[in-house]
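The values are calculated or read from the model by the stated rules, or taken from the named source; none is laboratory data. Being a predicted model, the structure only gives us computed values, none of them experimental. Positions of Cβ are generated from backbone atoms using ideal geometry, with glycine treated the same way; all protein chains shown enter the neighbour counts.
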Number of protein chains: 4
Amino acid sequence: MQAPEHAQYLHWGATSQDIVDTALVLRLRQAVSILDARLAAVAAQLAELAEAHAALPMAARTWGQVATPTTFGAVAAGWGRPLLRHRARLAELRPRVLTVSLAGASGTLSAMGPRGPEVAARLAEALGLHRPDGPWHGERDGIAELAAWCAAVTGSVARMGEDLILLTRSEIGEIRLGQGGGSSTMPQKENPVLPSLLSALGRVAAAIAPVMTGAIAHREQRDGAAWMAEWLTLPQLVMAAARALDAAGALTGSLAPQPARMAANLDPDGLGLIHAEALSFALAAHMPRPEAQETVKALCREAAAEGRPLCALAAERWPDLVLADAFDAAAQTGTAEADARAFAIAARRAADAGG
Amino acid sequence: MQAPEHAQYLHWGATSQDIVDTALVLRLRQAVSILDARLAAVAAQLAELAEAHAALPMAARTWGQVATPTTFGAVAAGWGRPLLRHRARLAELRPRVLTVSLAGASGTLSAMGPRGPEVAARLAEALGLHRPDGPWHGERDGIAELAAWCAAVTGSVARMGEDLILLTRSEIGEIRLGQGGGSSTMPQKENPVLPSLLSALGRVAAAIAPVMTGAIAHREQRDGAAWMAEWLTLPQLVMAAARALDAAGALTGSLAPQPARMAANLDPDGLGLIHAEALSFALAAHMPRPEAQETVKALCREAAAEGRPLCALAAERWPDLVLADAFDAAAQTGTAEADARAFAIAARRAADAGG
Amino acid sequence: MQAPEHAQYLHWGATSQDIVDTALVLRLRQAVSILDARLAAVAAQLAELAEAHAALPMAARTWGQVATPTTFGAVAAGWGRPLLRHRARLAELRPRVLTVSLAGASGTLSAMGPRGPEVAARLAEALGLHRPDGPWHGERDGIAELAAWCAAVTGSVARMGEDLILLTRSEIGEIRLGQGGGSSTMPQKENPVLPSLLSALGRVAAAIAPVMTGAIAHREQRDGAAWMAEWLTLPQLVMAAARALDAAGALTGSLAPQPARMAANLDPDGLGLIHAEALSFALAAHMPRPEAQETVKALCREAAAEGRPLCALAAERWPDLVLADAFDAAAQTGTAEADARAFAIAARRAADAGG
Amino acid sequence: MQAPEHAQYLHWGATSQDIVDTALVLRLRQAVSILDARLAAVAAQLAELAEAHAALPMAARTWGQVATPTTFGAVAAGWGRPLLRHRARLAELRPRVLTVSLAGASGTLSAMGPRGPEVAARLAEALGLHRPDGPWHGERDGIAELAAWCAAVTGSVARMGEDLILLTRSEIGEIRLGQGGGSSTMPQKENPVLPSLLSALGRVAAAIAPVMTGAIAHREQRDGAAWMAEWLTLPQLVMAAARALDAAGALTGSLAPQPARMAANLDPDGLGLIHAEALSFALAAHMPRPEAQETVKALCREAAAEGRPLCALAAERWPDLVLADAFDAAAQTGTAEADARAFAIAARRAADAGG
């Protein structure tokens, strides 16, 4: 713009949408770099947690019920694996999204005459953007793919948020957050504010992403209504993902597992019922599995009715069998420790590969 | 099940979710093959249309306004390019989605003891499924990615549906459908039933996909509520995409462009205003572009006020300039023909590559 | 706060959510007054249009096809009736939404002792708010009802937007907007910017409302995650409705129907096929309806094949019947004029009743 | 149809949409009666629970943290009050939704000539339906209002589902369900299957309702795409609400609160920290509230650090004050019992009023 004689060539043959979409893509390039870096940072912190606590036993819950033992390292790995996959997806979608737009009024670049394609190619090169496989004024599947990715990323950290809301409950208390929310009138409380924020952002991102999916049904060569709907949506999605990853990083960097509470919750009523499955399979070495399961089921009822631990009842019933392992949580965590360590290695490898 | 002595090993160490999720994946493998084949078929038909009508001029519309000329081949290519991209995305997401699930009650496969991972690997091999990078009972980003893909596919054909609803309007009539919907009382009408179905399916698919995105926030090791929400959603999404592609195929296989109506609509009021941009750029060879644009804007107003064609006014004003090309729609379609042919080649290449 | 000795009583016994929710309701009271006034204003302008053009014939379109004649007044009434209904709904939901919140830490107001309910009642009175039927920290159906209402209001004006996008198309041109959007390079275009904005806002409002519906599933006595999700959503919904009504008012206050284009589009091809239904029913006075419809269907095909108007063919076929009325659009608009006038009266009555 | 001479009058002047929409409304009339009856039945069962357990103390949780005492009766009332409000809303929306449609091809009923309105009025009377304030082929705010209501109803019972998922957790166990879901391999578990179903239905209903909101933006006189989108959505919403209420009824009819677990959870660590707020307000009678709150906050930290109950520390510190009430959960439930009983009365009154 310092060269007035060139001013008339600005916007030459381009339509406003070319300018706006190319500018959008240039900003998105910055945004996805930030998102990728944050994904890497959260994954790295989760890798540390997974490794440090790879063998720390805690109760796995299914349908909200204490099921069988797992380890905190495995739980952290479960929060982290999706983040690595999201990084892989991002690498795949980048060339579909980070493309220049220069197609003129109706997508034919006609005002530039025969040299249009060459100009478009040089512009892509100058800006370091990919060349699209055609004019994309009305083809919004790339942008919508990025939007769905943002929503999925936000959902994946919302999952960690939901788990933390549960794990920090008064009755559970297996995790303490580095930064809780104080209550104005109840000093004993530490509200899981950031985990709740993750949950809220996850809901909002999931809800608004379909505006972008719907905007794929862009009418004719350029559709102002669909385009404006994108403007009202995409920035919110990128910000939701960015804020969620930021909050997730604050959490993973400061949360502390509480081994004593974890141990207590592995056997909340002292009956050792969490070992029922392990006992069934230990017995299945000595009798058909259906019979073993039926027997253990009855034994569980007996334990609950009499208030006596399952291991004691089992020892009485089968004095000759060696069943101790079945009642040792640490011996019953299966692949948990290995899964935790495998994630830590994968996260480190992904980080080394430059993401 | 013909071997009773093996019956007890069925479900051994697996949880019901392992069985259900693996069965789901086996069915999804069939489903995505069908979807991929339909994408390929629709793309092939669009490639034929794009090639056959690569140079057939028609009006491009932006914001619902006749803008500048394009060709019907370019329009067909614009419907088809996203389908090729969706096939590329599907190839990428297959290994993330088509994975076996065998992780036991709490994701640790503990009931299988140390041989668990080997059993899981052999099961994957036997079923021809990929091995996941960890237990995925609670990691639903893969399934959600497929759901978002189904919604985006449905959206891309809904785009063609929306365009056909417009192009078959009484006032436009640039496309005739092979199969219209008769009106019960208005014999002159041919309702665009299949294009409307595409639009409806696109809306529904976009709306329900976020249930799957939301279900990424799966609580703890297995979350019945999130899982059931998937059951109520994923089949609908796959069916929406499948039905939409089926309807799209019926349309692309039978629709007929109407060159006479296309020609008429290139100049609906006989004033030739669609050539305004071309005239501006032709004049910009002889004067600064801003001046050219201002002048043409004034000339357009004059044309409308006096009811005289823009080309006549231009000839009067600049008798010495050769401006004929600017008023020839076929000469003003820029890259449209080349884009149409390039798409046809790309579609054929994708088909040859086996999708 | 000017009385330090009272400062300790601020927040006494209340929880932060009481303060925030009551403040929200006070702001919503302002917001819904503005929304109601804007609904009334748009309805009043539509009433004027409906009355002024009650008998102005134009083509009705069904499935995008010219169907039979209606009037522009009837169309304007169709945009306006939902707005009157939305005002009625708002009157019903106000007492459910505009309620004070004062229920203390856990919804029991226990810190206030036995005088709690009296304090709550006086606070409601002092603020001019309704008293809820119980603590509503966790009962969000009222707030969600308002959110759904905002989305429905936005949808109703988006409908007008969609119609205006069609009616201002180059090929149709039956409405001119007072304020169009100029194109940077195509001087002949007037982009329907505000109608497109209405469409975009309608999509976004529809998409985000379910966050509020989902937040009805508020967990336990107070759920930070659900509550934060509301914060991220409700303001956007109120603003979407407010902006949409503002834009709608700008449109209804300045749009101008184009009778000449309307007349031309009633018979786009000069064959008079729009009168097919009227002819069928005129003939049904002289023959069974099925026979009449079959005959007219055949005649329509003949008209199209021979390029001769339907009225001429009918006159030849039934020289003795008086069928002129069937071919007079103004005589074939049925209840359109009456519907337009009835709406104008209803809108005026609603305005007089103070909304 | 037994009178062939009348057959030709079937469909006379009506369009197919008149038939389909009127039929839809007749079915919806049945459906909303069923929904209303189920709402009444669930509310009646909740009223019984609220009354029977009006004074049964349990911990209220906010942000997932044990906050202060409430009663199970108050919790049941909190599940029930929204249902009464939904019944009130239904009564309001019935006349807006249950309206006949008879408006002919383009909403003008022109084929019926001047007697059209009379025919429409008689048809409404004969079918026992309301008369609309105008043709509603394209005005879908009524149908969308019903859809949003279904989603909100489903959301309100999903809230009970979410609470039951938490209250039946192994670590909490304050509610037992009459019908649990057995685990295939873990006999100690009782999965909250129906509560999870409520949660799943709530998510799905919230997600698909916006299709109906979006379909309010119905284009022109009749829009096949928007109409088909309704077909794919409304039945699902009605079924979701109906199934959710059915499941809710099964739950409320059989669930059993567990007073012993409730008592235990009021003080999970034996420190009595749940009484912190009550102590603050008891002290606030003797010192400024800020000082009271600061002091109690410090005392809570002391209690946690030393593992001594808050009441013992308070008795030591203020030997002369009578603070016993502050440490009695039953005395600290504020309005909970009264709220529970008030809901029971309101539910009974609503039932007597015929709903």
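Note on the stretch B:193-210: among residues that are small (Gly, Ala, Ser) and either more than 7 Å from chain D (Cβ to nearest Cβ) or under 13 Å from residue D:224 (Cα atoms) (or both), the one that is surrounded by the fewest Cβ atoms within 10 Å (Cβ to Cβ) is B:196.
Within the stretch D:176-199, one or more residues are of a type in the set (Asp, Glu), over 20 Å from residue C:157 (Cα atoms) and touching a strand residue (DSSP E or B) at 6+ places or on another chain (Cβ under 9 Å).
Of D:230, D:220, all but one fail to be part of a loop (DSSP other than H, G, I, E, B), at pLDDT 95 or above and acidic (Asp, Glu); the exception is D:220. Here the helices (runs of 4 or more DSSP H) wholly within the stretch A:267-355 that include at least 1 residues being under 33 Å from the mean Cα position of the chain (by Cα) and within 14 Å of chain B (Cβ to nearest Cβ) are A:276-283, A:336-352. Looking across the stretch C:44-65, the residues that are part of a helix (DSSP H, G or I) and either within 30 Å of residue B:177 (Cβ to Cβ) or charged (D, E, K, R) (or both) come down to C:48, C:51.
With respect to (1) at the interface with chain C (Cβ under 10 Å from one of its Cβ atoms); (2) in contact with a strand residue (DSSP E or B) (Cβ under 9 Å, 6 or more places away or on another chain), the lone exception for residue B:255 is condition (1). Would you call residue D:213 within 14 Å of chain C (Cβ to nearest Cβ), within 22 Å of the chain's Cα centre (by Cα) and of a type in the set (Ser, Thr, Tyr)? Yes.
Of all the criteria given as (1) farther than 30 Å from residue B:221 by Cβ; (2) away from chain A (no Cβ under 12 Å); (3) free of Cβ contacts under 8 Å to residues at least 60 places away in the same chain; (4) buried (at least 18 other Cβ atoms within 10 Å of the Cβ), the one not satisfied by residue B:52 is (4). Within the set C:105, C:111, the sole residue that is more than 30 Å from residue C:278 (Cβ to Cβ), modelled with pLDDT under 95 and in a helix (DSSP H, G or I) turns out to be C:111.
Could you say whether any residue in the stretch A:228-238 is within 13 Å of chain B (Cβ to nearest Cβ), without any contact (Cβ under 8 Å) to a residue 24 or more places away in the chain and more than 30 Å from residue C:15 (Cα to Cα)? Yes, the stretch A:228-238 has at least one match.
Suppose we keep only residues that are in a loop (DSSP other than H, G, I, E, B) and crowded, with 24+ Cβ neighbours inside 10 Å within the stretch D:140-171. Which one would you say is farthest from the other protein chains (Cβ to nearest Cβ)? Filtering the stretch D:140-171 for residues that are in a loop (DSSP other than H, G, I, E, B) and crowded, with 24+ Cβ neighbours inside 10 Å, the one farthest from the other protein chains (Cβ to nearest Cβ) comes out as D:140.
Screening the candidates C:41, C:23, C:37 for the property of being assigned to a helix (DSSP H, G or I), at pLDDT 95 or above, buried (at least 18 other Cβ atoms within 10 Å of the Cβ) and away from chain D (no Cβ under 12 Å) yields one hit, C:41. Just so you know, in the stretch A:267-299 the residues that are touching a Gly at 6+ places or on another chain (Cβ under 9 Å) and under 19 Å from residue D:268 (Cα atoms) include one that is modelled with the lowest pLDDT, and it is A:268. Among residues that are away from chain C (no Cβ under 14 Å), at pLDDT 90 or above and within 27 Å of residue D:55 (Cβ to Cβ), residue D:250 is included. Sub-8 Å Cβ pairs linking a first residue in the stretch C:316-335 that is surrounded by 14 or more Cβ atoms within 10 Å (Cβ to Cβ) to a second residue that is among the acidic types (Asp, Glu) and outside any loop (DSSP other than H, G, I, E, B), at least 6 apart or interchain, are C:331/C:325; C:332/C:325, ordered by first then second residue.
With respect to the stated conditions, residue B:98 fails to be over 23 Å from residue D:227 (Cα atoms), in contact (Cβ under 8 Å) with a residue 12 or more places away in the chain, within 11 Å of chain A (Cβ to nearest Cβ) and out of contact with any Cys (no Cβ under 9 Å at 6 or more places or on another chain).
Residue A:130 meets each of the listed conditions (1) surrounded by fewer than 24 Cβ atoms within 10 Å (Cβ to Cβ); (2) within 7 Å of chain B (Cβ to nearest Cβ) apart from (2). Is the stretch B:52-65 home to any residue that is at positive phi, of a type in the set (Gly, Ala, Ser) and in contact with a helix residue (DSSP H, G or I) (Cβ under 8 Å, 6 or more places away or on another chain)? Yes; the residues of the stretch B:52-65 include at least one that is at positive phi, of a type in the set (Gly, Ala, Ser) and in contact with a helix residue (DSSP H, G or I) (Cβ under 8 Å, 6 or more places away or on another chain).
Please determine whether any residue of the stretch C:91-98 is surrounded by fewer than 22 Cβ atoms within 10 Å (Cβ to Cβ), touching an Asp or Glu at 6+ places or on another chain (Cβ under 9 Å) and among the acidic types (Asp, Glu). Taking every residue of the stretch C:91-98 in turn, at least one turns out to be surrounded by fewer than 22 Cβ atoms within 10 Å (Cβ to Cβ), touching an Asp or Glu at 6+ places or on another chain (Cβ under 9 Å) and among the acidic types (Asp, Glu). Which members of the stretch D:65-74 meet the condition of being at pLDDT 95 or above and touching an Asp or Glu at 6+ places or on another chain (Cβ under 7 Å)? Scanning the stretch D:65-74 gives D:71, D:73, D:74. Here is the figure for the stretch B:268-296: residues that are surrounded by 20 or more Cβ atoms within 10 Å (Cβ to Cβ) and not aliphatic (A, V, I, L, M) total 7.
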